[in-house]
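A short write-up of the structure that comes next.
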Amino acid sequence: MNIENTSEKAILKPKGDLTIFEASEFRDALVELSQSEQPLELDLSIVERMDSSGVQLIMAVRRDLTVTLVGVSSAIHEKFESVGCEGVLDSAEIHENSGMLPEANIAEPTKE
């Protein structure tokens, strides 16, 4: 996770997957950034896969902070839609040409 603080905002740019396996690290970064009084920009442009745990954490942090989502691929947009949270993305910047395919890049938690 890349964290950058500017004079105007805090930027969190997770890389790779945001699934149940990365949820703890993602949550810790969100908690750290929530301590600041700056607005948060969550740049999802290099997130390859996301499951419902990633969506849940984003929804939770948006309750308490001003969060701007940028770099949202069409695959991630579809993940938000599939869990009924597409309204969160109404103002998010969508990157349609990310090269991501929803079937190949959106992970569901594995059942063991």
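None of the figures in this text is laboratory data; all of them are computed from the coordinates on show. Being a predicted model, the structure only gives us computed values, none of them experimental. We place every Cβ from the backbone using ideal geometry, glycine too, and count neighbours over all the protein chains shown.
Between residue 34 and residue 5, the modelled labels are 1.8 nm apart [label points 7 Å from Cα along Cα→Cβ]. Among the GluC sites (Glu not before Pro) within the stretch 11-88, those in coil by DSSP and having at most 11 neighbouring Cβ atoms inside 10 Å are 37. Loop only by DSSP, 14 or fewer other Cβ within 10 Å of the Cβ. Give me the trypsin sites (Lys or Arg not before Pro) in the stretch 1-93 that pass, ordered by residue number. Answer by residue number: 15.
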